[in-house]
Amino acid sequence: MDTEYVRSRFIKHFDGTTGFLYASPGRINLIGEHTDYNGGFVFPGAVDKGMIAEIKPNGTDKVKAYSIDLKDYVEFGLNEEDAPRASWARYIFGVCREMIKRCVDVKGFNTAFAGDVPLGAGMSSSAALESTYAFALNELFGENKIDKFELAKVGQATEHNYCGVNCGIMDQFASVFGKAGSLIRLDCRSLEYQYFPFHPEGYRLVLMDSVVKHELASSAYNKRRQSCEAAVAAIQKKHPHVEFLRDCTMAMLEEAKADISAEDYMRAEYVIEEIQRVLDVCEALEKDDYETVGKKMYETHHGMSKLYEVSCEELDFLNDCAKEYGVTGSRVMGGGFGGCTINLVKDELYDNFVEKTKAAFKAKFGRSPKVYDVVIGDGSRRLE
């Protein structure tokens with residue numbers, strides 16, 4: 001991320017002075033999809049791409065914000081009725097409001113920001129933006145009294161209350177808590193977390209973007225949640241302690257098979273197996289066993305494509321290419337219905353994989369996939 005460029009735009013668009021630079025990353029999720037609302041685990045890590053903002057208190061009750069990437073300028077007040085119309089500005093406004101609700105005395109400030117998180121690739125540019133401002137406002141106006149977990153919740157509440165997205169906590173959590181060289185297992189039921197080493201020497205992580213709009217069709221998403229809930233309700237008849245699919249075994253699901261539809265059974269089967277796969281990958285990483293990690297990634301893709309049915313032709317094609325060209329692990333990343341595959345590739349196979357996959361994809365679909373190399377990086381921080 002280019003801090004000098006952000007600073008130069010800040011100086012140009014405001015009063016010629018400088019403020020403080022803050023950054024937060026986007027994220028990947030190595031494994032653990034559709035497990036969050038089932039009380040399971042997710043396994044994200046922060047990446048070396050994200051958002052940078054320069055911020056300086058301006059002594060007024062107005063926020064003056066400039067989006068460098070969009071070349072758009074917005075001013076807004078800090079009261080509930082002052083919500084700006086521009087969707088990008090609502091993220092900053094929402095963070096201000098959520099910090100005020102937590103008794104941080106937010107005042108007016110000037111800010112300019114830019115990012116290098118690819119939009120629409122499922123790397124959570126919005127969470128990176130929210131985390132940057134939550135971290136900065138906590139330091140500039142709150143004497144750092146809000147803890148990091150609450151900062152992640154500020155970003156989540158911004159999405160819920162000001163942007164109309166009923167998201168979980170994983171994206172903001174990964175952005176705030178990220179640590180170079182580590183992935184984080186987050187227990188979505190207890191919110192306990194643990195860092196695991198990620199030092200894939202001899203391997204690279206690369207995202208292949210299908211350039212299919214990353215759109216978790218809300219009706220399809222809701223249907224899958226309903227399937228999971230139906231399976232839990234059936235299992236509870238014999239096992240009343242069960243609260244989520246996280247509490248279930250395949251034996252319990254098998255007992256309830258006659259009481260649920262074939263579709264609900266398939267959805268629950270995927271989730272139960274995926275929750276276990278996260279634990280298996282954590283164990284493998286502690287042994288630097290990246291072959292097992294890769295095998296589990298392929299299993300996840302198969303489950304998301306055939307059991308949960310949230311893949312698409314383009315993503316399945318990218319996964320098939322990965323297998324054909326010897327990639328250690330590959331799967332659709334994110335909720336599905338478009339977006340990227342995440343691939344764990346041996347260094348010596350990387351060039352061949354990228355070149356041949358791009359050519360094959362273009363021959364079939366008439367356009368090239370976008371390629372993003374990612375390195376696991378640090379979370380929210382002040383840059384100077």
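The values are calculated or read from the model by the stated rules, or taken from the named source; none is laboratory data. Keep in mind that what you see is a predicted model, and the values were worked out from it rather than measured. As a convention, Cβ positions derive from the backbone with ideal geometry for all residues, glycine included, and neighbour counts pool all protein chains shown. Calculation scope for accessible area: heavy atoms of the full protein, side chains included, ligands and nucleic acids excluded. Shrake-Rupley method; radii C 1.70, N 1.55, O 1.52, S 1.80 Å.
Identify, by number, the condition in (1) open to solvent by less than 50 Å² (accessible area, probe 1.4 Å); (2) more than 17 Å from Tyr298 (Cα to Cα); (3) more than 25 Å from the chain's Cα centre (by Cα); (4) not basic (Lys, Arg) that Glu348 doesn't meet.
Failed condition: (1).
Which condition number does Asp48 fail, the rest of (1) open to solvent by 40 Å² or more (accessible area, probe 1.4 Å); (2) assigned to a loop (DSSP other than H, G, I, E, B) being met?
(2)
Residue-wise test of (1) in contact (Cβ under 8 Å) with a residue 40 or more places away in the chain; (2) part of a strand (DSSP E or B); (3) touching a Leu at 6+ places or on another chain (Cβ under 7 Å); (4) closer than 28 Å to Val375 by Cα.
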{"site": "Ala53", "(1), (2), (3), (4)": "yes, yes, no, yes"}
{"site": "Thr60", "(1), (2), (3), (4)": "yes, no, no, no"}
{"site": "Glu81", "(1), (2), (3), (4)": "no, no, no, no"}
{"site": "Val95", "(1), (2), (3), (4)": "yes, no, yes, yes"}
{"site": "Val104", "(1), (2), (3), (4)": "yes, no, yes, no"}
{"site": "Lys107", "(1), (2), (3), (4)": "yes, no, no, no"}
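Tell me, yes or no, whether segment 4-26 has at least one residue that is within 30 Å of Glu269 (Cβ to Cβ) and modelled with pLDDT of 95 or more.
Checked segment 4-26: no residue is within 30 Å of Glu269 (Cβ to Cβ) and modelled with pLDDT of 95 or more.
Going through segment 273-298 one residue at a time, which ones are open to solvent by 20 Å² or more (accessible area, probe 1.4 Å) and part of a helix (DSSP H, G or I)?
Glu273, Gln276, Leu279, Asp280, Glu283, Glu286, Glu291, Thr292, Lys295, Lys296, Tyr298
Only residues that are under 19 Å from the mean Cα position of the chain (by Cα) and hydroxyl-bearing (Ser, Thr, Tyr): list them for segment 79-119, please.
If the condition is that a residue be under 19 Å from the mean Cα position of the chain (by Cα) and hydroxyl-bearing (Ser, Thr, Tyr), then Tyr91 is the only one that fits.
Could you check segment 299-350 and list, in sequence order, the residues that are assigned to a strand (DSSP E or B), touching a His at 6+ places or on another chain (Cβ under 7 Å) and over 14 Å from Glu274 (Cβ atoms)? Working first, answer last.
The first filter runs over segment 299-350 and keeps only residues assigned to a strand (DSSP E or B), leaving 329-333, 340-346.
Adding the requirement that they be touching a His at 6+ places or on another chain (Cβ under 7 Å) leaves 330-332.
Ser330 - this is the single residue of segment 299-350 that is assigned to a strand (DSSP E or B), touching a His at 6+ places or on another chain (Cβ under 7 Å) and over 14 Å from Glu274 (Cβ atoms).
Where residues in segment 312-334 are of a type outside the set (D, E, K, R) and within 10 Å of Ser210 (Cβ to Cβ), which of them is modelled with the lowest pLDDT?
In this case the residue turns out to be Cys312.
Taking segment 130-158 as the region of interest, how many residues are open to solvent by 10 Å² or more (accessible area, probe 1.4 Å) and not basic (Lys, Arg)?
12
Condition test on Gly338, is it open to solvent by less than 10 Å² (accessible area, probe 1.4 Å) and either out of contact with any Asp or Glu (no Cβ under 9 Å at 6 or more places or on another chain) or closer than 30 Å to Ala152 by Cβ (or both)? Can you show your working first?
Working: open to solvent by less than 10 Å² (accessible area, probe 1.4 Å): yes; either out of contact with any Asp or Glu (no Cβ under 9 Å at 6 or more places or on another chain) or closer than 30 Å to Ala152 by Cβ (or both): yes.
The answer is yes for Gly338.
Inspect segment 189-198 for any residue being open to solvent by 10 Å² or more (accessible area, probe 1.4 Å), of a type in the set (A, V, I, L, M) and modelled with pLDDT under 95 and give the result as yes or no.
Yes, the conditions are met somewhere in segment 189-198.
Within segment 233-263, restricting attention to residues that are touching a residue at least 24 places away in the same chain (Cβ under 8 Å), assigned to a helix (DSSP H, G or I) and more than 17 Å from Gly40 (Cβ to Cβ), which residue is farthest from the chain's Cα centre (by Cα)?
Filtering first and then ranking leaves Asp259.
I'm trying to understand the selection: among the residues of segment 300-316, which are surrounded by fewer than 19 Cβ atoms within 10 Å (Cβ to Cβ) and without any contact (Cβ under 8 Å) to a residue 60 or more places away in the chain?
Those that are surrounded by fewer than 19 Cβ atoms within 10 Å (Cβ to Cβ) and without any contact (Cβ under 8 Å) to a residue 60 or more places away in the chain: His302, Lys306, Leu307, Glu309, Glu313, Asp316.
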